[in-house]
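Chemist: If you scroll down you'll find the structure; I have some questions about it.
Only the coordinates and a few stated rules stand behind these numbers; no lab work does. Predicted model, so just to flag it, every value in this text is computed and none were measured. Note that each Cβ is placed from the backbone with ideal geometry, even for glycine, and that neighbours are counted across all protein chains shown.
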Amino acid sequence: MLIIDGDYPMALAVKFNRDLKQPVDEVRSARKIGEGTEGWDDAGTMASMPEMRKGGVAVALVKVAVDIDYPDSPIKGGPRTRELAYATGMGQLALYRVYEAQGEARILRTRADMTAHMKEWEDAENYDDLPVGFVLGIEGADPITWPEQVHEWYEGGMRVISLGHYGVSTYGHGTGTGMEGGLLPEGPALLREMDGLGMILDVTHTSDTTVRQSLEIFEGPLLASHQNCRGLVPGERQQPDDILQAVIDRGGVIGASMDTWMLNRNVQKDWSMSKPENRRDFYPREAITLEDVVNHIDYVCNLAGNALHAAIGGDTDGQGGSEGAPADVDTVADYQKIAGILDRRGYSEEDVANIMYRNWQRFFETHLPEAS
């Protein structure tokens, strides 16, 4: 069965120095250059484009992910200014563009792009030579130097933006802040510019207050690219029912994340990015399986009263790779196992297909622009 992955911050490969055109085993065993990136071992890489084709991942919402090193931000080592964040983000965007130019990928800018791309994959007997579809998003809006600059990003193919990541961002508060911070002064202006362009707001990684304030301003489509349910697992990184319901009510889709931090119901301690402890000490891989992921899919389906708003949002490699994924997930190809779990839980064949890819497909066929 085909898969659409609602979250893959693939452009972090620029920071990790990974060649994602190679088979995943080669990425994992590639020659080390320099000191590498602490905490992000190449040996745990979950995805490359050949591995996506192997797993039937036809499309991914791929991200530009850049965090300014603000004094109150728990993420350190990023750019110190907006201008440097812009330059870093444009460098990540360039990776997607060059993959498209080489025929490895296809940036899906319009509704027609999505429809034609999915038909090509559905009609194919194998996927070995097909381009992987990319819908482009920004995780946290730090690379947008001023609100009106979002037009430049839109012209470059960007269609989805979240205002927060971890801690304080340029336009609003993300998670890791105690959920008390809301929109920052330029946040409303950015939301209005996005609305005017018909862009999509991703509520993932954004503090409760920031999301609720945003929903009073932003009138366009919503999605939650990789977001689990606080009703199952405590902690601010998960979202409460009212925010999940708001996404559902606007016809949005909620992608279940693979990060073990967001899946362990037996640990009541809410680890934060601002704390020195290793989150894997509290949320070990061995304690989590894809059954836990499907619990969140179930929860969203129960909130919605149907299976039209739940999907996969892997946070593929963004959670640290396989070390931070469920025990039965080694690479992105293992996402296929979700279909079997859904089937055993009594989901119909149509519902399984909706969750695996059609909900995302239908959402983007509705909310991407009609023309570039």
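Chemist: When every alpha-carbon pair in region 127-166 is counted, what percent end up more than 11 Å apart?
Modeler: Summing the P(r) tail past 11 Å for region 127-166 gives 68 percent.
Chemist: Projecting each Cα onto the charge dipole of the chain (Lys/Arg +1, Asp/Glu -1 at the beta carbon, about the Cα centre), which of GLY137, VAL59, VAL168 comes out farthest on the positive side?
Modeler: After comparing all options, I get VAL168.
Chemist: Most exposed first by the Cβ proxy, i.e. fewest other Cβ within 10 Å, how do HIS367, HIS296 rank?
Modeler: HIS367, HIS296
Chemist: Now a separate question. Using only Cα atoms, locate the centre of region 25-86 and the centre of region 140-156, then give the distance between them in Å, rounded to an integer.
Modeler: With region 25-86 and region 140-156 each reduced to a Cα centre, they are spaced 21 Å.
Chemist: I need the calculated FRET efficiency for the pair MET90 and ILE217, taking r as the beta carbon distance and R₀ as 25 Å, to the nearest 0.05.
Modeler: Efficiency at R0 = 25 Å is approximately 0.40.
Chemist: For the chain, with the dipole built from +1 on Lys and Arg beta-carbon atoms and -1 on Asp and Glu ones, taken about the Cα centre, which of LEU93, TYR357, LEU303 lies farthest toward the positive end?
Modeler: The listed residue farthest towards the positive side: LEU93.
Chemist: Please report the spacing between the Cα centers of region 176-235 and region 278-313 in Å, no decimals.
Modeler: When both Cα centres are located, 21 Å separates them.
Chemist: Using mean Cβ contacts within 10 Å as the protection proxy, how do 145-151, 330-336, 131-137 order, highest first?
Modeler: 131-137, 330-336, 145-151
Chemist: Can you put GLU350, GLU193, GLU152 in order, fewest other beta carbons within 10 Å first?
Modeler: With the sparsest Cβ surroundings first, the list reads GLU350, GLU152, GLU193.
Chemist: Say each of GLN102 and GLU291 gets a label point 7 Å from the Cα, pointing the same way as Cα to Cβ; how far apart are those two points in nm?
Modeler: Spacing of the two 7 Å Cα→Cβ label points: 4.1 nm.
Chemist: Let me ask something additional. To the nearest 20 Debye, how big is the dipole of region 3-367 about its Cα centre, given +1 on the beta carbon of each Lys and Arg and -1 on that of each Asp and Glu?
Modeler: The dipole magnitude comes to about 240 debye.
Chemist: Plugging the Kirkwood radius over Cα pairs into Stokes-Einstein for the chain, at a temperature of 37 °C and a viscosity of 0.692 mPa s, what D comes out in µm²/s?
Modeler: The calculation lands on 163 µm²/s.
Chemist: Among the listed pairs LYS32/LYS63; LYS63/LYS337; LYS15/LYS337; LYS63/LYS119; LYS15/LYS63, which are separated by more than 22 Å between their Cα atoms?
Modeler: Beyond 22 Å: LYS32/LYS63; LYS63/LYS337; LYS15/LYS337; LYS63/LYS119.
Chemist: Next question, about the same structure. Per residue of the chain, what 222 nm ellipticity follows from adding -39500 (n - 2.57) for every DSSP H run with n ≥ 4, rounded to the nearest 500?
Modeler: For the chain, the value works out to -9000 deg cm²/dmol.
Chemist: Another question, if that's okay. In region 180-222, whose amide N lies under 18 Å from the spot 7 Å out along Cα-to-Cβ of GLN245? List them in ranges.
Modeler: Answer for region 180-222: 208-209, 211-216, 222.
Chemist: A further question follows. When the convex hull of the C-alpha atoms of region 35-159 is computed, what volume per residue in Å³ does it have?
Modeler: Enclosed volume per residue, from the Cα hull, is 128 Å³.
Chemist: Shifting gears a bit: Remind me, relative contact order of region 120-276 in percent, using alpha carbon pairs under 8 angstrom and six or more residues apart?
Modeler: 17 percent
Chemist: Could you work out how much longer the chain between ASP69 and GLU370 gets when fully extended? Use 0.36 nm per residue separation minus the Cα distance between them, nm to one decimal.
Modeler: Length gained between ASP69 and GLU370: 104.6 nm.
Chemist: Additional query: Each label point is 7 Å from the Cα along the Cα-to-Cβ direction; what then is the distance between the points at ARG31 and ARG362, in nm?
Modeler: 5.0 nm
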